[in-house]
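Peer 1: First the structure, then my questions, so here it is.
The values are calculated or read from the model by the stated rules, or taken from the named source; none is laboratory data. Nothing here was measured: the structure is a model prediction, and the numbers come from that model. Methodologically, a virtual Cβ is constructed for each residue, glycine included, from the backbone with ideal geometry; neighbour enumeration extends over all protein chains shown.
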Amino acid sequence: MADQAYVTLATNDDYAKGAMVLGRSLRNHNTTKQLVALIGPHIAEPCRATLSSIYDEVHVVDILDSRDTAHLALMKRPDLGVTFTKLHCWQLTRYTKCVFMDADTLVLSNIDELFEREELSAAPDPGWPDCFNSGVFVFKPSIETYHRLMTHCVENGSFDGGDQGVLNSFFNTWSTADISKHLPFIYNLSSIAMYTYLPAFQQYGHEAKVVHFLGKVKPWNYSYDTQTGKVKGHTLTPGSSELHPDFLVQWWNLYSSGVLPALRDSYGDKPFC
Ligand code: UDP
Ligand code: MN
């Protein structure tokens with residue numbers, strides 16, 4: 001469908017690698033939706049070229065666009081910079097409905113059924129389940145909503161310093177109003193969940209449709225041995241390895257087979273990022 005899209009964001013080359021893997025995973029599972037990447041102005045040209053080979057649209061979003069009054073107001077709040085960048089997605093009004101996905105997510109099966117949901121649908125956050133996790137959410141682009149969000153940001157800030165705090169206080173009836181806006185956890189399975197509730201992970205983990213590498217250490221921070229197919233410095237949760245596929249290894253397999261060849265082509269003789 002041409003008026004529906006998956007949207008992600010990468011403000012630097014590292015997150016761009018995540019976006020490449022995410023885009024490839026969506027393509028591998030035969031999505032019929034458009035793929036849109038929002039990127040910061042400093043992404044290296046070869047990374048941009050590779051993103052363009054995977055995504056239908058790549059848009060540079062300028063965080064310091066002084067023509068926009070909301071931007072100007074936000075420049076007094078530099079702490080909200082990256083947050084602000086994610087909220088740009090509401091400006092994609094050529095689409096009637098979108099699913100935002102963090103660049104540190106990986107799709108394991110076709111999830112196009114998410115487009116049957118309404119704004120704002122998201123899965124619970126594992127740390128505080130009355131809040132939704134903003135790594136995967138269904139939304140409806142609208143300039144009006146965008147401006148209301150910007151005003152909300154400027155007036156109230158973000159209780160966690162990021163987009164998730166802003167979005168949860170803006171869409172503040174999510175936890176109580178409409179259960180159809182609660183996405184099952186398998187649409188945003190954070191890697192953290194397997195550490196905090198291993199039996200549930202063992203029971204339901206194989207149903208996961210989206211894995212979210214939430215937290216400080218991202219897949220691209222590890223290194224991978226192409227000979228052995230092993231991720232260096234990575235140890236599996238005890239007890240989980242025999243029963244479940246290792247999502248980190250899956251991320252690296254896709255990166256090395258589906259992304260690296262295209263990145264190498266784009267870089268040519270130039271130093272590699
Ligand atoms: N992001 C980005 N550049 C940054 C930090 C974040 O482009 O320097 C984007 C990226 O899409 C990322 C999302 O914002 O997935 C949310 O950040 P992150 O995934 O690091 O937060 P977490 O899910 O670990 O809370
Ligand atoms: Mn994330």
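Peer 1: Consider residue 159 against the criteria (1) free of Cβ contacts under 8 Å to residues at least 40 places away in the same chain; (2) surrounded by 14 or more Cβ atoms within 10 Å (Cβ to Cβ); (3) within 15 Å of ligand 1 (Cβ to nearest atom): it satisfies all of them except one. Which criterion is unmet?
Peer 2: Failing condition for residue 159: (2).
Peer 1: Considering 175, 191, 142, 121, which residue is over 21 Å from residue 83 (Cα atoms), among the polar types (S, T, N, Q), away from ligand 2 (no atom under 16 Å from the Cβ) and touching a residue at least 24 places away in the same chain (Cβ under 8 Å)?
Peer 2: That would be 175, the only listed residue that is over 21 Å from residue 83 (Cα atoms), among the polar types (S, T, N, Q), away from ligand 2 (no atom under 16 Å from the Cβ) and touching a residue at least 24 places away in the same chain (Cβ under 8 Å).
Peer 1: Any idea how many residues of region 252-273 are modelled with pLDDT of 80 or more and either surrounded by fewer than 11 Cβ atoms within 10 Å (Cβ to Cβ) or within 22 Å of residue 44 (Cα to Cα) (or both)?
Peer 2: Adding up the residues that qualify gives 15.
Peer 1: Out of the residues in region 44-60 that are within 20 Å of residue 251 (Cβ to Cβ) and among the β-branched types (Val, Ile, Thr), state the one that is surrounded by the fewest Cβ atoms within 10 Å (Cβ to Cβ). Spell out how you get there, then give the answer.
Peer 2: Just the residues of region 44-60 that are within 20 Å of residue 251 (Cβ to Cβ), to begin with: 47, 50-51, 53-55.
This time we only want the ones that are among the β-branched types (Val, Ile, Thr), so: 50, 54.
Numbers: 50: 27, 54: 20.
Checked region 44-60; the qualifying residue surrounded by the fewest Cβ atoms within 10 Å (Cβ to Cβ) is 54.
Peer 1: Turning to a different aspect of this structure: Of the residues that make up region 175-189, is at least one under 27 Å from residue 25 (Cα atoms), within 12 Å of ligand 1 (Cβ to nearest atom) and assigned to a loop (DSSP other than H, G, I, E, B)? Spell out how you get there, then give the answer.
Peer 2: In the first step, residues of region 175-189 are kept if they are under 27 Å from residue 25 (Cα atoms); the result is 180-189.
Still in the running and within 12 Å of ligand 1 (Cβ to nearest atom): 188.
From the residues that got through so far, the ones that are assigned to a loop (DSSP other than H, G, I, E, B) too are 188.
So far as region 175-189 goes, yes, one or more of its residues are under 27 Å from residue 25 (Cα atoms), within 12 Å of ligand 1 (Cβ to nearest atom) and assigned to a loop (DSSP other than H, G, I, E, B).
Peer 1: Select, from 35, 26, 22, the only residue that is surrounded by 14 or more Cβ atoms within 10 Å (Cβ to Cβ), modelled with pLDDT of 95 or more, more than 12 Å from ligand 1 (Cβ to nearest atom) and within 18 Å of residue 257 (Cβ to Cβ).
Peer 2: One residue alone meets the criteria, 26.
Peer 1: Cβ-Cβ distance below 7 Å, separation of 6 or more or different chains: which pairs start in region 227-239 with a residue that is more than 12 Å from residue 252 (Cα to Cα) and end on one that is modelled with pLDDT under 80 and surrounded by 10 or more Cβ atoms within 10 Å (Cβ to Cβ)?
Peer 2: Within 7 Å, the pairs are 237/194; 237/195.
Peer 1: Take the conditions at pLDDT below 85 and more than 27 Å from residue 27 (Cα to Cα) and apply them to residue 229. Does it pass?
Peer 2: no
Peer 1: Give the residues of region 195-208 that are surrounded by 19 or more Cβ atoms within 10 Å (Cβ to Cβ) and more than 16 Å from ligand 2 (Cβ to nearest atom), sorted by residue number.
Peer 2: 201, 205
Peer 1: Of (1) near ligand 1 (Cβ under 10 Å from one of its atoms); (2) of a type outside the set (D, E, K, R); (3) more than 12 Å from the chain's Cα centre (by Cα), residue 2 satisfies all except one. Which?
Peer 2: Residue 2 satisfies every listed condition except (1).
Peer 1: Please list, ordered by first then second residue, the pairs with beta carbon atoms under 6 Å, 6 or more apart or interchain, first in region 28-40 and charged (D, E, K, R), second in a strand (DSSP E or B).
Peer 2: Close Cβ pairs satisfying both conditions: 33/4; 33/5; 33/6.
For (1) over 28 Å from residue 117 (Cβ atoms); (2) surrounded by 15 or more Cβ atoms within 10 Å (Cβ to Cβ); (3) at pLDDT 95 or above; (4) within 16 Å of ligand 2 (Cβ to nearest atom), each residue gets a yes or a no:
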{"position": "179", "(1), (2), (3), (4)": "no, no, yes, no"}
{"position": "184", "(1), (2), (3), (4)": "no, no, yes, no"}
{"position": "216", "(1), (2), (3), (4)": "yes, no, no, yes"}
{"position": "225", "(1), (2), (3), (4)": "yes, no, no, no"}
